[in-house]
Amino acid sequence: MKTNPYQKLFVALLILAQAGACFGQADPASEPAVLAVAKVLPAVVNINTERVVRRAVRDPVEDFYAQFFGHNRVQPREIRQTLQSLGSGFIIDPAGYIVTNQHVVERAADLKIHVTTNDGKTYNAHYITGDDKTDLAFIKIDAETAFPFINLDNISPNLLGQTVIVAGNAVGYGSSISRGVLSAVKRDITVDDTEYKGLVQTDAAINPGNSGGPVIDLSGRLVGISSAKMAFTPQGVPTQGMGFAIPADVVRDSVNQFKKLAQKQATPKNQPASTADTSLSNAEKLFGLQLQDLNQELSDALGYIRGRGVLITAVEPDSPADEAGLERGLVIYRAGNSETNSVKQIEELLRSVQRGTKLEFTVGVIRTGRQTRQLATLSMTAR
């Protein structure tokens with residue numbers, strides 16, 4: 001049977017039309033990556049911290065006259081600066097608990113934490129605890145509402161070559177996304193003299209501000225937390241496409257420990273103090289103080305003299321400490337007749353203190369350099 005050339009043309013056009021219809025049905029909204037991002041992004045937050053630092057400055061004119069005319073140099077004046085840092089994090093519980101990098105919020109004793117959710121709302125948050133070894137920290141939004149969250153019960157298997165997506169506050173641009181593959185696991189690296197162990201490696205772009213944000217797979221499961229980007233090897237060789245994240249199983253195990261500590265810190269509402277304060281420290285139970293050891297890194301960051309005192313990290317409203325005028329960021333150097341250089345020392349000292357007992361504290365700041373002292377002795381009555 002002879003085929004009409006017009007019939008051939010008609011069949012060809014029909015095939016092209018069907019192919020075009022098939023291509024037209026490829027909806028970007030149904031792509032796995034798009035679905036994964038839509039699932040996770042509502043739980044991703046931007047973290048903005050503000051920290052007040054003090055530094056000494058000299059007047060260059062005075063230095064000039066002192067050098068050429070022999071005038072006595074004037075003491076440097078102290079100025080206050082507010083330093084801001086940006087990072088990312090994600091909510092892991094509807095109550096508003098957030099996991100992020102410790103280096104994003106490590107100086108929480110002297111800073112304010114603001115959290116912006118994906119819908120543009122900004123909340124205050126407070127620091128609960130952190131771990132320098134894993135570079136993980138736990139904070140909580142100060143709001144009574146239910147938040148979307150990333151479930152840590154079902155994490156990614158982390159297979160080499162799988163597609164991964166980085167979400168976070170890249171260089172200040174919130175809700176940014178980058179995509180790559182899982183390049184390696186169990187990497188030990190050193191970045192800026194900081195050692196990281198057991199990380200997963202990806203070629204997805206990790207930029208400043210991504211720290212603390214989630215890395216997910218195409219199912220929306222957690223692969224890890226963005227932690228570091230290697231721009232140069234320790235030998236100075238430039239690199240490209242080498243980002244690293246704390247693996248999801250480490251995050252999950254750490255969060256379980258953080259939650260236990262958060263539960264101990266929380267005082268049940270509408271419950272008498274005698275039954276609610278069994279898990280509180282003596283300093284918090286008696287005076288409303290939360291304390292932290294002043295390690296070398298924290299002392300250097302705050303400009304305080306090393307090896308002396310215990311840092312006040314929080315003061316309970318309307319507590320004896322609050323009424324005495326104590327504030328977060330001050331240091332307790334003595335309690336009673338004893339020097340206090342660790343939280344353990346203070347806890348042992350306060351073990352025998354009864355309700356109604358008055359105790360003197362030496363509080364203030366001793367700074368490095370000229371060892372500037374700003375101390376005061378005050379009395380507080382245990383409640």
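Residues being in contact with a helix residue (DSSP H, G or I) (Cβ under 7 Å, 6 or more places away or on another chain) and closer than 17 Å to GLN290 by Cα: count how many of those fall in the range 111-133.
4
Can you tell me which residues in the range 127-172 are over 19 Å from ARG252 (Cα atoms) and either open to solvent by 80 Å² or more (accessible area, probe 1.4 Å) or part of a loop (DSSP other than H, G, I, E, B) (or both)?
Passing the criteria: ASP142, ALA143, GLU144, THR145, ALA146, LEU160, GLY161, GLN162, VAL171, GLY172.
Residue check, HIS114 against (1) of a type outside the set (A, V, I, L, M, F, W, C); (2) buried (at least 19 other Cβ atoms within 10 Å of the Cβ); (3) farther than 16 Å from ILE206 by Cα; (4) within 12 Å of the chain's Cα centre (by Cα), all met but one. Which one?
Status for HIS114: all satisfied but (2).
I'm trying to understand the selection: among the residues of the range 310-324, which are of a type outside the set (D, E, K, R) and within 21 Å of ILE128 (Cα to Cα)? Before you say what the answer is, go through the steps one by one.
Taking the range 310-324 first, the residues of a type outside the set (D, E, K, R) are 310-315, 317, 319-321, 324.
Within the range 310-324, VAL310, LEU311, ILE312, THR313, ALA314, VAL315, PRO317, SER319, ALA321 meet the criteria.
Just need a number here: residues in the range 343-361 that are out of contact with any Leu (no Cβ under 9 Å at 6 or more places or on another chain) and hydroxyl-bearing (Ser, Thr, Tyr).
1
Among the listed residues ASP192, ASP249, which satisfies the condition of being closer than 20 Å to ILE91 by Cβ and either open to solvent by 40 Å² or more (accessible area, probe 1.4 Å) or at pLDDT 95 or above (or both)?
Within the list ASP192, ASP249, the selection yields ASP249.
Would you check if there is a residue in the range 237-245 being in a strand (DSSP E or B), modelled with pLDDT under 90 and open to solvent by less than 10 Å² (accessible area, probe 1.4 Å)?
Of all residues in the range 237-245, those in a strand (DSSP E or B) come to 238, 243-245.
If we keep only those that are modelled with pLDDT under 90 too, we end up with 238, 243.
Then drop every residue that is not open to solvent by less than 10 Å² (accessible area, probe 1.4 Å), which leaves 243.
Yes, some residue in the range 237-245 is in a strand (DSSP E or B), modelled with pLDDT under 90 and open to solvent by less than 10 Å² (accessible area, probe 1.4 Å).
Sort out for me the helices (runs of 4 or more DSSP H) sitting completely within the range 289-373 that have 2 or more residues that are at pLDDT below 85 and crowded, with 16+ Cβ neighbours inside 10 Å.
Numbers: elements: 296-302, 320-323, 343-350.
Answer list for the range 289-373: 296-302.
Among the numbered conditions (1) more than 17 Å from LEU261 (Cα to Cα); (2) within 10 Å of the chain's Cα centre (by Cα); (3) at pLDDT 90 or above, tell me where LEU160 comes up short.
Exception for LEU160: condition (2).
Scan SER274, SER254 and give me the residue that is over 19 Å from SER88 (Cβ atoms), polar (S, T, N, Q) and at pLDDT below 95.
Among SER274, SER254, only SER274 is over 19 Å from SER88 (Cβ atoms), polar (S, T, N, Q) and at pLDDT below 95.
Conditions first: (1) among the acidic types (Asp, Glu); (2) assigned to a strand (DSSP E or B); (3) farther than 22 Å from SER254 by Cα. GLU195 passes all but one, so which condition is the exception?
Here GLU195 clears every test but (3).
Can you name the condition, by its number, that GLY120 falls short on among (1) in a loop (DSSP other than H, G, I, E, B); (2) open to solvent by 40 Å² or more (accessible area, probe 1.4 Å); (3) at pLDDT 90 or above?
It is condition (3) that GLY120 fails.
The values are calculated or read from the model by the stated rules, or taken from the named source; none is laboratory data. Being a predicted model, the structure only gives us computed values, none of them experimental. Note that we place each Cβ from the backbone using ideal geometry, even for glycine, and neighbour counts take in every protein chain shown. Keep in mind that these areas ignore ligands, DNA and RNA; they rest on the heavy atoms of the full protein, side chains included. Shrake-Rupley method; radii C 1.70, N 1.55, O 1.52, S 1.80 Å.
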